[in-house]
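The values are calculated or read from the model by the stated rules, or taken from the named source; none is laboratory data. None of these values were measured; they are calculated from a predicted model. Don't worry about glycine lacking a Cβ; one is built from the backbone with ideal geometry, like all the others, and counts go over all protein chains shown. Each accessible area value is taken on the protein alone, full model and side chains, heavy atoms only, with ligands, DNA and RNA left out. Shrake-Rupley method; radii C 1.70, N 1.55, O 1.52, S 1.80 Å.
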Amino acid sequence: MQKAGELWNSYGYHLDDVADYSGAHIAYRRALIIDPDNTTRINNLAETTRKLGNLVDARAMLERAIKIDEASFGPDHPHVATGVNNLGLVMKASGDFAGARTMYERAIKICESNLGPDHPQVAIGVNNLGMVMKALGDFASARTMFERALAIFQKFLPPGHPNIKLVQGNIDSLNKS
């Protein structure tokens, strides 16, 4: 049965990559039927749920995944940081910028303490925090976040990588403001 769950989850990843969020949602739900407490799969389902616009259900799923991971690994484990970061995405999409900021700051702190300050996972959280700072109108802090994320990504990723382009686009958007 475990293999079937892995296959459904992998199929969900593929469908998500091609922006078939409804199909990915179905695949992730099937994977969770097989293993209902697998927090990676809960996070994946929550992400497609967010992308489909159901922020209330996405938030509930992520809060559940965080509780499971905290109970299993403790509050400062990288698995927890993934759920916390994703919860920040939901809060930002809901317009709760203060809540999103708190989530991103927590995710960054967890990743820095476990993976080091220059890990690509840190850069993801830092970029997300920059987006919140921009939404709050704090362009100087947003620029600082974006520049830090870009510097981290440039250490690990080849030029032209989508993450580098994304963060550079965020910096360029500030230049137009």
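Looking at this structure, is residue 67 at pLDDT 95 or above, surrounded by fewer than 17 Cβ atoms within 10 Å (Cβ to Cβ) and either touching a helix residue (DSSP H, G or I) at 6+ places or on another chain (Cβ under 9 Å) or over 24 Å from residue 133 (Cβ atoms) (or both)?
Spelling it out, residue 67 is indeed at pLDDT 95 or above, surrounded by fewer than 17 Cβ atoms within 10 Å (Cβ to Cβ) and either touching a helix residue (DSSP H, G or I) at 6+ places or on another chain (Cβ under 9 Å) or over 24 Å from residue 133 (Cβ atoms) (or both).
Among the candidates 80, 56, which residue alone is open to solvent by less than 80 Å² (accessible area, probe 1.4 Å) and either in contact with a strand residue (DSSP E or B) (Cβ under 7 Å, 6 or more places away or on another chain) or part of a helix (DSSP H, G or I) (or both)?
Just one listed residue meets the conditions, 80.
Please name all residue pairs, on different chains or six or more residues apart, with Cβ atoms under 8 Å, provided the first residue is in region 99-123 and is in contact (Cβ under 8 Å) with a residue 12 or more places away in the chain and outside any helix (DSSP H, G or I) and the second residue is buried (at least 17 other Cβ atoms within 10 Å of the Cβ) and β-branched (Val, Ile, Thr).
From residues that are in contact (Cβ under 8 Å) with a residue 12 or more places away in the chain and outside any helix (DSSP H, G or I), the pairs are 118/152; 119/152.
Any chance you could count how many residues in region 34-67 are more than 16 Å from the chain's Cα centre (by Cα), free of Cβ contacts under 8 Å to residues at least 24 places away in the same chain and over 21 Å from residue 95 (Cβ atoms)?
Within region 34-67, residues that are more than 16 Å from the chain's Cα centre (by Cα), free of Cβ contacts under 8 Å to residues at least 24 places away in the same chain and over 21 Å from residue 95 (Cβ atoms) number 2.
For the subset of region 1-20 comprising residues that are closer than 18 Å to residue 58 by Cβ and surrounded by 18 or more Cβ atoms within 10 Å (Cβ to Cβ), which member is nearest to the chain's Cα centre (by Cα)?
16
Looking at 32, 62 in this structure, which one is of a type outside the set (Phe, Trp, Tyr), surrounded by 24 or more Cβ atoms within 10 Å (Cβ to Cβ) and part of a helix (DSSP H, G or I)?
Answer to the selection: 62.
Taking interchain pairs and intrachain pairs at least six residues apart, which have beta carbon atoms under 9 angstrom, with the first residue in region 139-168 and at negative phi and surrounded by 13 or more Cβ atoms within 10 Å (Cβ to Cβ) and the second assigned to a helix (DSSP H, G or I) and of a type in the set (Asp, Glu)?
Here the result reads 167/147, each pair linking region 139-168 to a residue that is assigned to a helix (DSSP H, G or I) and of a type in the set (Asp, Glu).
Answer yes or no as to whether residue 38 is closer than 23 Å to residue 115 by Cβ, polar (S, T, N, Q) and in contact with a helix residue (DSSP H, G or I) (Cβ under 8 Å, 6 or more places away or on another chain).
So residue 38 fits the description; yes.
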